[in-house]
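These notes are about the structure you will find just below.
The values are calculated or read from the model by the stated rules, or taken from the named source; none is laboratory data. From a predicted model like this one, the values you see are computed outputs, not experimental measurements. For neighbour counting, all protein chains shown are included, and Cβ atoms are generated from backbone atoms with ideal geometry for every residue, glycine included.
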Amino acid sequence: MINDNIIDLSLFEEKVFSQHGEDGVIQKLFQIIGIPNKFYVEFGTETGMESNTRYLREKLDWTGLLMDCANENSSINLHKEFITAENINDLFKKYNVPKNFDLLSIDIDYNDFYVWKSIKKKYKPRVVVIEYNATHLPTEDKIIKYNPFNFWDGTNYFGASIKSLYNLGRKKGYSLIYAENMGVNLFFLRDGILEKGDFNFKDLNNIDLIYKYPKYGKGPNGGHVEDLKRREYVSFKKLRFSQFFLKKFLKLNYIFKNLITTTTNITIITIIFIKDLSKIEEVGFFKKLLNVIYKNYKKNIRIEKCLI
(Lines give C-alpha, C1' and ligand atoms only; values in the text may rest on other atoms or scores of the structure.)
Protein backbone atom coordinates (compact mmCIF):
# COMPACT_ATOMS: atom_id res chain seq x y z
CA MET A 1 0.00 0.00 0.00
CA ILE A 2 1.45 3.36 -1.04
CA ASN A 3 1.64 6.13 1.52
CA ASP A 4 -0.37 9.13 0.30
CA ASN A 5 1.99 11.51 2.12
CA ILE A 6 4.35 12.72 -0.60
CA ILE A 7 7.97 13.14 0.50
CA ASP A 8 9.34 16.38 -0.93
CA LEU A 9 13.07 16.44 -0.18
CA SER A 10 13.42 20.03 -1.41
CA LEU A 11 11.87 21.13 1.90
CA PHE A 12 14.85 19.77 3.81
CA GLU A 13 17.83 21.20 1.98
CA GLU A 14 20.32 22.64 4.45
CA LYS A 15 24.01 23.38 4.22
CA VAL A 16 26.23 22.76 7.23
CA PHE A 17 29.40 21.23 5.80
CA SER A 18 28.17 20.18 2.35
CA GLN A 19 28.62 22.23 -0.82
CA HIS A 20 24.93 23.13 -1.03
CA GLY A 21 21.85 21.65 0.66
CA GLU A 22 22.99 18.01 0.69
CA ASP A 23 23.44 17.83 4.48
CA GLY A 24 19.77 18.40 5.18
CA VAL A 25 18.56 16.07 2.42
CA ILE A 26 20.84 13.22 3.51
CA GLN A 27 19.85 13.57 7.16
CA LYS A 28 16.13 13.56 6.33
CA LEU A 29 16.46 10.69 3.90
CA PHE A 30 18.05 8.42 6.49
CA GLN A 31 15.48 9.47 9.07
CA ILE A 32 12.90 8.11 6.65
CA ILE A 33 14.56 4.87 5.52
CA GLY A 34 16.53 4.03 8.66
CA ILE A 35 20.25 3.54 9.28
CA PRO A 36 21.49 -0.07 9.62
CA ASN A 37 25.23 0.49 10.05
CA LYS A 38 26.17 4.21 9.80
CA PHE A 39 28.89 3.57 7.22
CA TYR A 40 29.69 5.84 4.26
CA VAL A 41 32.11 5.96 1.34
CA GLU A 42 32.86 9.31 -0.26
CA PHE A 43 35.49 10.19 -2.84
CA GLY A 44 36.46 13.47 -4.41
CA THR A 45 36.34 15.06 -0.95
CA GLU A 46 39.40 17.34 -1.22
CA THR A 47 40.38 17.94 2.45
CA GLY A 48 37.09 16.57 3.75
CA MET A 49 36.10 19.89 5.30
CA GLU A 50 33.36 20.51 2.71
CA SER A 51 31.76 17.17 2.00
CA ASN A 52 28.52 15.21 2.08
CA THR A 53 29.64 13.05 5.01
CA ARG A 54 31.33 15.42 7.48
CA TYR A 55 28.04 16.19 9.23
CA LEU A 56 27.31 12.47 9.55
CA ARG A 57 30.76 11.86 11.01
CA GLU A 58 30.93 14.78 13.44
CA LYS A 59 27.30 15.10 14.53
CA LEU A 60 25.74 11.67 14.09
CA ASP A 61 28.62 9.28 14.90
CA TRP A 62 28.97 7.72 11.46
CA THR A 63 32.24 6.21 10.25
CA GLY A 64 33.52 5.45 6.79
CA LEU A 65 36.07 5.85 4.04
CA LEU A 66 37.14 9.08 2.34
CA MET A 67 39.38 9.20 -0.74
CA ASP A 68 40.84 12.05 -2.77
CA CYS A 69 43.55 12.32 -5.41
CA ALA A 70 45.47 15.08 -3.62
CA ASN A 71 44.68 14.91 0.11
CA GLU A 72 45.05 12.56 3.05
CA ASN A 73 44.25 12.77 6.74
CA SER A 74 44.37 9.69 8.93
CA SER A 75 42.30 11.34 11.66
CA ILE A 76 39.21 11.24 9.41
CA ASN A 77 40.21 8.12 7.44
CA LEU A 78 40.94 10.18 4.31
CA HIS A 79 43.31 8.41 1.91
CA LYS A 80 45.21 9.81 -1.06
CA GLU A 81 44.13 7.71 -4.03
CA PHE A 82 43.76 8.38 -7.74
CA ILE A 83 40.41 6.79 -8.53
CA THR A 84 39.60 5.16 -11.86
CA ALA A 85 37.02 2.74 -13.20
CA GLU A 86 39.78 0.13 -13.25
CA ASN A 87 40.89 0.39 -9.61
CA ILE A 88 37.75 1.30 -7.66
CA ASN A 89 36.93 -2.26 -6.64
CA ASP A 90 40.53 -2.90 -5.58
CA LEU A 91 40.37 0.23 -3.42
CA PHE A 92 37.13 -0.95 -1.82
CA LYS A 93 38.85 -4.24 -1.02
CA LYS A 94 42.01 -2.49 0.20
CA TYR A 95 40.06 -0.41 2.72
CA ASN A 96 37.63 -3.17 3.75
CA VAL A 97 34.45 -1.52 2.51
CA PRO A 98 31.51 -3.71 3.59
CA LYS A 99 29.27 -5.17 0.90
CA ASN A 100 26.25 -3.47 2.42
CA PHE A 101 26.66 0.11 3.59
CA ASP A 102 24.49 3.18 3.88
CA LEU A 103 25.85 5.97 1.69
CA LEU A 104 28.03 6.28 -1.40
CA SER A 105 28.92 9.83 -2.48
CA ILE A 106 30.77 10.37 -5.79
CA ASP A 107 32.17 13.73 -6.87
CA ILE A 108 35.40 13.47 -8.89
CA ASP A 109 34.40 16.11 -11.45
CA TYR A 110 34.94 13.99 -14.55
CA ASN A 111 34.65 10.19 -14.65
CA ASP A 112 31.87 9.86 -12.05
CA PHE A 113 29.61 7.85 -14.39
CA TYR A 114 32.26 5.28 -15.25
CA VAL A 115 33.44 4.79 -11.68
CA TRP A 116 29.90 4.16 -10.42
CA LYS A 117 29.27 1.84 -13.35
CA SER A 118 32.39 -0.17 -12.51
CA ILE A 119 31.55 -0.81 -8.86
CA LYS A 120 30.74 -4.49 -8.53
CA LYS A 121 27.23 -5.67 -7.76
CA LYS A 122 28.32 -7.17 -4.45
CA TYR A 123 28.68 -3.64 -3.09
CA LYS A 124 25.21 -2.36 -2.28
CA PRO A 125 25.05 1.16 -0.86
CA ARG A 126 21.50 2.05 0.16
CA VAL A 127 21.79 5.63 -1.08
CA VAL A 128 23.99 7.02 -3.87
CA VAL A 129 24.71 10.73 -4.26
CA ILE A 130 26.47 11.57 -7.51
CA GLU A 131 27.34 14.74 -9.40
CA TYR A 132 25.63 15.21 -12.76
CA ASN A 133 26.15 17.58 -15.67
CA ALA A 134 23.05 19.75 -15.61
CA THR A 135 24.12 21.78 -18.63
CA HIS A 136 22.61 18.88 -20.57
CA LEU A 137 18.82 18.84 -20.50
CA PRO A 138 16.84 15.76 -19.37
CA THR A 139 16.17 14.85 -23.01
CA GLU A 140 19.89 14.50 -23.70
CA ASP A 141 21.77 11.23 -23.23
CA LYS A 142 25.38 12.41 -22.95
CA ILE A 143 28.45 10.94 -21.27
CA ILE A 144 32.02 12.09 -21.73
CA LYS A 145 34.38 9.65 -23.41
CA TYR A 146 36.31 7.70 -20.82
CA ASN A 147 39.94 8.51 -20.15
CA PRO A 148 41.16 7.60 -16.66
CA PHE A 149 43.85 10.30 -16.71
CA ASN A 150 41.73 13.27 -17.76
CA PHE A 151 40.70 16.00 -15.35
CA TRP A 152 37.94 18.58 -15.42
CA ASP A 153 39.21 21.74 -17.17
CA GLY A 154 36.55 24.17 -15.97
CA THR A 155 34.28 23.75 -18.99
CA ASN A 156 30.98 21.90 -19.28
CA TYR A 157 32.74 18.80 -20.61
CA PHE A 158 32.52 16.52 -17.59
CA GLY A 159 30.46 13.71 -16.16
CA ALA A 160 27.11 12.68 -17.55
CA SER A 161 23.61 14.04 -18.06
CA ILE A 162 20.72 13.24 -15.75
CA LYS A 163 19.27 10.91 -18.40
CA SER A 164 22.47 8.88 -18.67
CA LEU A 165 22.88 8.57 -14.92
CA TYR A 166 19.21 7.68 -14.54
CA ASN A 167 19.67 4.86 -17.08
CA LEU A 168 22.74 3.64 -15.23
CA GLY A 169 20.94 3.79 -11.91
CA ARG A 170 18.01 1.76 -13.21
CA LYS A 171 20.41 -0.84 -14.62
CA LYS A 172 22.14 -1.12 -11.24
CA GLY A 173 18.84 -1.35 -9.35
CA TYR A 174 18.41 2.22 -8.10
CA SER A 175 15.61 4.75 -8.39
CA LEU A 176 16.16 8.47 -8.88
CA ILE A 177 14.48 10.34 -6.02
CA TYR A 178 15.90 13.88 -6.04
CA ALA A 179 18.18 16.53 -7.53
CA GLU A 180 19.29 19.34 -5.23
CA ASN A 181 18.29 22.86 -6.18
CA MET A 182 21.67 24.10 -7.43
CA GLY A 183 21.69 21.44 -10.15
CA VAL A 184 24.80 19.65 -8.89
CA ASN A 185 23.93 16.30 -7.28
CA LEU A 186 21.45 13.49 -7.88
CA PHE A 187 20.12 11.21 -5.16
CA PHE A 188 19.41 7.53 -5.84
CA LEU A 189 17.77 4.98 -3.54
CA ARG A 190 18.14 1.22 -3.90
CA ASP A 191 14.99 -0.34 -5.35
CA GLY A 192 14.79 -3.00 -2.67
CA ILE A 193 14.35 -0.33 0.00
CA LEU A 194 11.56 1.32 -1.97
CA GLU A 195 9.82 -2.01 -2.42
CA LYS A 196 9.96 -2.87 1.28
CA GLY A 197 9.14 0.58 2.60
CA ASP A 198 6.01 2.65 2.51
CA PHE A 199 7.67 5.59 0.75
CA ASN A 200 6.20 8.01 -1.75
CA PHE A 201 8.94 10.32 -3.01
CA LYS A 202 7.85 13.27 -5.09
CA ASP A 203 8.41 12.79 -8.86
CA LEU A 204 10.05 9.39 -8.35
CA ASN A 205 12.07 8.40 -11.46
CA ASN A 206 10.65 11.29 -13.47
CA ILE A 207 13.78 12.92 -14.85
CA ASP A 208 11.87 15.77 -16.49
CA LEU A 209 10.43 16.90 -13.16
CA ILE A 210 13.42 16.06 -10.98
CA TYR A 211 15.97 17.84 -13.19
CA LYS A 212 17.19 21.25 -11.96
CA TYR A 213 18.86 23.83 -14.16
CA PRO A 214 22.42 24.59 -12.98
CA LYS A 215 22.78 27.77 -10.96
CA TYR A 216 26.53 28.09 -10.74
CA GLY A 217 27.87 29.61 -13.95
CA LYS A 218 27.39 31.61 -17.13
CA GLY A 219 27.68 28.71 -19.56
CA PRO A 220 24.96 26.64 -21.28
CA ASN A 221 21.70 26.59 -19.29
CA GLY A 222 23.43 28.36 -16.38
CA GLY A 223 26.30 25.91 -15.91
CA HIS A 224 30.03 25.93 -16.58
CA VAL A 225 31.42 27.61 -19.68
CA GLU A 226 30.96 25.86 -23.01
CA ASP A 227 33.56 23.37 -24.19
CA LEU A 228 35.10 25.20 -27.16
CA LYS A 229 37.04 22.06 -28.16
CA ARG A 230 33.69 20.47 -29.07
CA ARG A 231 34.75 17.12 -27.64
CA GLU A 232 32.55 14.14 -28.36
CA TYR A 233 30.09 12.45 -26.03
CA VAL A 234 28.79 8.91 -26.03
CA SER A 235 25.24 7.85 -25.20
CA PHE A 236 24.23 5.25 -22.65
CA LYS A 237 22.71 3.18 -25.46
CA LYS A 238 25.85 3.31 -27.59
CA LEU A 239 28.05 2.52 -24.62
CA ARG A 240 25.87 -0.46 -23.73
CA PHE A 241 26.00 -1.95 -27.22
CA SER A 242 29.72 -1.24 -27.60
CA GLN A 243 30.38 -3.16 -24.40
CA PHE A 244 28.18 -5.99 -25.65
CA PHE A 245 30.34 -6.29 -28.74
CA LEU A 246 33.53 -5.92 -26.73
CA LYS A 247 32.53 -8.89 -24.59
CA LYS A 248 31.90 -10.89 -27.78
CA PHE A 249 35.32 -9.87 -29.06
CA LEU A 250 37.09 -10.93 -25.88
CA LYS A 251 35.30 -14.27 -25.97
CA LEU A 252 36.22 -14.87 -29.61
CA ASN A 253 39.80 -13.83 -28.96
CA TYR A 254 39.99 -16.32 -26.09
CA ILE A 255 38.55 -19.11 -28.27
CA PHE A 256 40.95 -18.40 -31.14
CA LYS A 257 43.96 -18.24 -28.83
CA ASN A 258 43.13 -21.61 -27.29
CA LEU A 259 42.41 -23.24 -30.64
CA ILE A 260 45.65 -22.04 -32.10
CA THR A 261 47.76 -23.13 -29.13
CA THR A 262 46.32 -26.65 -29.34
CA THR A 263 46.73 -27.30 -33.06
CA THR A 264 49.17 -26.47 -35.87
CA ASN A 265 46.50 -26.77 -38.54
CA ILE A 266 44.54 -23.90 -40.02
CA THR A 267 41.38 -23.35 -38.01
CA ILE A 268 38.33 -22.46 -40.08
CA ILE A 269 35.91 -20.27 -38.16
CA THR A 270 32.27 -19.66 -39.07
CA ILE A 271 30.74 -16.58 -37.47
CA ILE A 272 27.00 -15.96 -37.75
CA PHE A 273 25.05 -13.14 -36.12
CA ILE A 274 21.41 -12.24 -36.03
CA LYS A 275 20.64 -10.20 -39.14
CA ASP A 276 18.90 -7.50 -37.13
CA LEU A 277 22.24 -6.45 -35.72
CA SER A 278 23.13 -5.06 -39.13
CA LYS A 279 20.80 -2.15 -38.31
CA ILE A 280 22.88 -1.14 -35.32
CA GLU A 281 25.66 1.35 -35.93
CA GLU A 282 27.93 -0.36 -33.42
CA VAL A 283 28.35 -3.28 -35.84
CA GLY A 284 31.08 -1.18 -37.44
CA PHE A 285 32.82 -1.16 -34.08
CA PHE A 286 32.58 -4.96 -33.90
CA LYS A 287 33.95 -5.36 -37.42
CA LYS A 288 37.03 -3.44 -36.30
CA LEU A 289 37.43 -5.82 -33.38
CA LEU A 290 37.18 -8.81 -35.71
CA ASN A 291 39.91 -7.29 -37.85
CA VAL A 292 42.12 -7.11 -34.78
CA ILE A 293 41.57 -10.83 -34.17
CA TYR A 294 42.30 -11.61 -37.81
CA LYS A 295 45.56 -9.62 -37.77
CA ASN A 296 46.67 -11.35 -34.58
CA TYR A 297 45.96 -14.84 -35.85
CA LYS A 298 45.83 -14.52 -39.66
CA LYS A 299 48.47 -17.22 -40.13
CA ASN A 300 46.32 -19.69 -38.28
CA ILE A 301 42.69 -18.91 -39.06
CA ARG A 302 40.42 -18.26 -41.97
CA ILE A 303 37.04 -16.63 -41.43
CA GLU A 304 34.83 -18.60 -43.78
CA LYS A 305 31.53 -16.83 -43.23
CA CYS A 306 30.54 -13.72 -41.36
CA LEU A 307 26.95 -12.50 -41.44
CA ILE A 308 26.49 -9.20 -39.62
Inset, instruction - Go through Tyr166, Tyr211, Tyr216 for me and flag whichever is among the aromatic types (Phe, Trp, Tyr) and under 17 Å from Val25 (Cβ atoms). - result: Tyr211
Inset, instruction - Would you mention how many residues in the range 155-190 are hydrophobic (A, V, I, L, M, F, W, C) and in a strand (DSSP E or B)? - result: 8
Legend entry - Residues that are in contact with an Asp or Glu (Cβ under 9 Å, 6 or more places away or on another chain), in a helix (DSSP H, G or I) and within 21 Å of Arg126 (Cβ to Cβ), drawn from the range 60-100: Leu91
Inset, instruction - Scan the range 8-53 for residues that are farther than 22 Å from Leu78 by Cα and outside any loop (DSSP other than H, G, I, E, B) and report the count. - result: 12
Inset, instruction - Select from the range 101-124 the residues that are farther than 17 Å from Val184 by Cα, buried (at least 23 other Cβ atoms within 10 Å of the Cβ) and touching an Asp or Glu at 6+ places or on another chain (Cβ under 9 Å) and list them in ascending order. - result: Leu103
Legend entry - Glu58 exposed (fewer than 14 other Cβ atoms within 10 Å of the Cβ), modelled with pLDDT of 95 or more and either small (Gly, Ala, Ser) or in the same structural domain as Pro125 (by TED's automatic domain parsing) (or both): yes
Legend entry - Pairs with Cβ under 6 Å, 6+ apart, first in the range 132-151 and on the phi < 0 side of the Ramachandran plot and surrounded by 14 or more Cβ atoms within 10 Å (Cβ to Cβ), second in a loop (DSSP other than H, G, I, E, B) and among the polar types (S, T, N, Q): Asn133/Ser161; Thr135/Asn156; His136/Ser161; Glu140/Ser161; Asp141/Ser235; Lys142/Ser161; Pro148/Thr84
Legend entry - Set Asp141, Asp109: member being under 18 Å from Gly219 (Cβ atoms) and outside any helix (DSSP H, G or I): Asp109
Inset, instruction - Report yes if Trp152 is in the same structural domain as Asn221 (by TED's automatic domain parsing), among the aromatic types (Phe, Trp, Tyr), closer than 24 Å to Tyr233 by Cβ and in a loop (DSSP other than H, G, I, E, B), otherwise no. - result: yes
Inset, instruction - Look through Val25, Val41 and report the one residue that is over 30 Å from Lys145 (Cβ atoms) and touching a residue at least 60 places away in the same chain (Cβ under 8 Å). - result: Val25
